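Beneath this line is the structure, given in structure tokens, with notes to follow.
No lab work stands behind these numbers, since they all come straight from the coordinates. On a predicted model such as this, the values are computed, not experimentally measured, just so you know. Here the Cβ positions follow ideal geometry from the backbone for every residue, glycine too, while neighbour counts run over all protein chains shown.
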């Protein structure tokens, strides 16, 4: 008999992800992803000055404030055909890279590692043996017996208190947990260290952006960072040097710890290269522009249909004509009025709430489609699209990951194995290594350009009175983000944000096609359906993020998973 | 010099959720604080809150409260013990780690602030683009009093500014960009 399990972690008053799965004989037979809160924040922007929009859009979300600011200024620049000075491109790129490195590190360690790491095994580990194992995997200098023992003592102290504190929410002792006590200890030690290094990445965002969250240095047409090499109050050599040394530490952590840990987890859970694929259409936009007109990029974009890597199509610009024309949003299963899929420039956001109905409407997330098809976005999409186009940096780290997994576990993975739950984690670590290398490159590009005497940071925008349209894209940590703006009489006439998690968390469309989260859960075996750890593993591998930007404190903790017999 | 953070939490675009950032803005424009006190509009942070609070001597958070146990506008305070007693739930997305989880993380790391107080008012509406409700506006003086009371308890010097140079406005309700000829 089929059972339906609802995973609905009510930790805030609203605006979060809910997953429903139907389980038949301990295998997922159907799935629904839904967002429980309507935002409609875009409506606030109508009638405003388009040059102000980014200050509002970065308040959409509390985790990714930076990315919405960036996509917004780019959308207005696209509408105005406004070029951005080289210094501004490099400064923006450094902010985007630092933010993404922070985000990827936090995602792996703080938000998903404990799906694979059993904290309660840690007290049984031998720190000396764990240290020897670590030394065989990585040159990282903070894997000493003493540092590992200190981390173990933290866990022992929390466990001895009788309450699990921060660890009270895990499925400890679950039969799907497979790591040895030593590997669990090693991963946990890096979980603690990750808190330190992700903070260093954020400091880079703070130095360049003046504040984080909510950077203050953007402006339509460039950035507001005054460059003066001899001034302490402007962007000068002392601040640039501070950024360089912070980035160097983060780069080391990403390449020697994060990348290695992901490869080790992959080597020890090889079954998960076969689970969780789902939608095999992929979409990514090019990012990290290298010229003021944004025609060359350090990260490639394009799309792949139906896992056909050889048939990959590339995008030449950040808002490629194919991308501009091909995006629509479908609301057949979302709580909005409307019948036909609409292009974002003509997008409507009129609510029609019905309550959760499996066969009808069940989510506040619209279903974005590319040429009518669901697309998976995120680091996996970017890595597959780059790899298929022969992008050297993507190939370098993808091949390194394949070799590392083989060396640790004797598991021979192929790029095709990346269509999986583990593939999404591996691709994120590969992308983090690419970004780490590019962080240093773009720092050097900025310093070299300033050294030539170019201090320019801003081109003044001119708002036309006739109607213009623009799209601003950014390949954000969770995937392709696009802001679509229509400007008339110097004011915003329409504004729509198509965010990465809308692509991935989308509900079914008019053709009944599942969204990527939903499709990825089908056929997943569950050891204990009442403790759906396997569902969490796959959903977490996407790095889910609803537009949850409301923050009222809820004093009551609540249960998370309920199961009922259908 | 003791390091003390006064953080306003919430989304300024969503009605009463703007309470925290607005109160911090009011405190900044009306009072001067001794060195070591930082005031910050924290927005809607998730785990990033951990490293804003870790290592501080004291943290005062101002936030909107979601509960059906009290009417909108009721001012409530939660101390460290109460905040730590909220058991974290399994999380699906990175927004779920909330105040309590960040405190638990700081506790595990051994650098939880000695004093933690969350002060807030029960919210009435969280609709996009709406101003603060009358109920929540009516609670602001009491919240500011509670923040000042906690600072007094901590032995922190606060002085009211004789002339407030800046008016505390809700910037998110303004037109920001000024066209230059």
Proxy exposure order for B:163, A:292 (fewest C-beta within 10 Å first) is B:163, A:292
Quick shape check on segment B:4-173: root eigenvalues a ≥ b ≥ c of the Cα gyration tensor, a/c under 1.5 is rounded, otherwise prolate if a/b tops b/c, else oblate, and it reads oblate
Residue separation between residue A:224 and residue A:83 times 0.36 nm, minus their alpha-carbon distance, gives in nm 49.2 nm
Quick note on B:60, A:430, A:5, ordering by fewest other C-beta atoms within 10 Å, gives A:5, B:60, A:430
For segment A:325-366, using Cα atoms only, the Rg and Dmax in Å read 10.3, 33
Shielding of B:8-19 by other chains, given as the mean Cβ count within 10 Å, works out to 5
For the pair residue A:407 and residue B:35, the simple spin-label estimate (label points 7 Å beyond Cα toward Cβ) gives in nm 5.1 nm
Between the modelled labels at residue A:444 and residue B:162 (7 Å from Cα along Cα→Cβ) the distance in nm is 5.8 nm
Given a Förster distance of 56 Å, the FRET efficiency implied by the Cβ-Cβ spacing of residue A:488 and residue A:136, rounded to the nearest 0.05, works out to 0.30
Within the protein assembly as shown, the percent of DSSP beta bridges that are antiparallel, given to the nearest 5, stands at 75 percent
Expected unfolding gain across residue B:171-residue B:142 under the 0.36 nm per residue rule, minus the alpha-carbon gap, is 8.2 nm
Computed on Cα atoms only, the convex hull of segment A:56-114 has an orientation-averaged projected area in nm² of 4.6 nm²
One would report the antiparallel percent of DSSP beta bridges in segment B:4-173, rounded to the nearest 5, as 30 percent
If B:59, A:539 are placed from fewest to most neighbouring beta carbons inside 10 Å, the sequence is B:59, A:539
In terms of the alpha carbon gyration tensor, root eigenvalues a ≥ b ≥ c, rounded if a/c is under 1.5 and otherwise prolate when a/b exceeds b/c or oblate, segment A:244-335 is oblate
So for R0 = 45 Å, FRET eff. of residue B:111-residue A:414 from the Cβ-Cβ r, to 0.05, ends up at 0.50
Per-residue ellipticity at 222 nm attributable to helices in chain A (runs of n ≥ 4 DSSP H, -39500 (n - 2.57) apiece, nearest 500 deg cm²/dmol) works out to -12000 deg cm²/dmol
Relative contact order in percent for segment B:4-173 (Cα pairs under 8 Å, 6+ apart) equals 33 percent
Residues of segment A:258-301 with backbone N under 14 Å of the label point set 7 Å from the Cα of residue A:456 along Cα→Cβ are A:291-294
Cα-based Rg/(2.2 N^0.38 Å) for segment A:308-465, rounded to two decimals, is 1.42
Quick calc: nm separation of the 7 Å Cα→Cβ label points for residue A:322 and residue B:68 -> 5.1 nm
A student applying the Cα gyration tensor rule (rounded when a/c is under 1.5; otherwise prolate if a/b is larger than b/c, oblate if not) would label the protein assembly as shown rounded
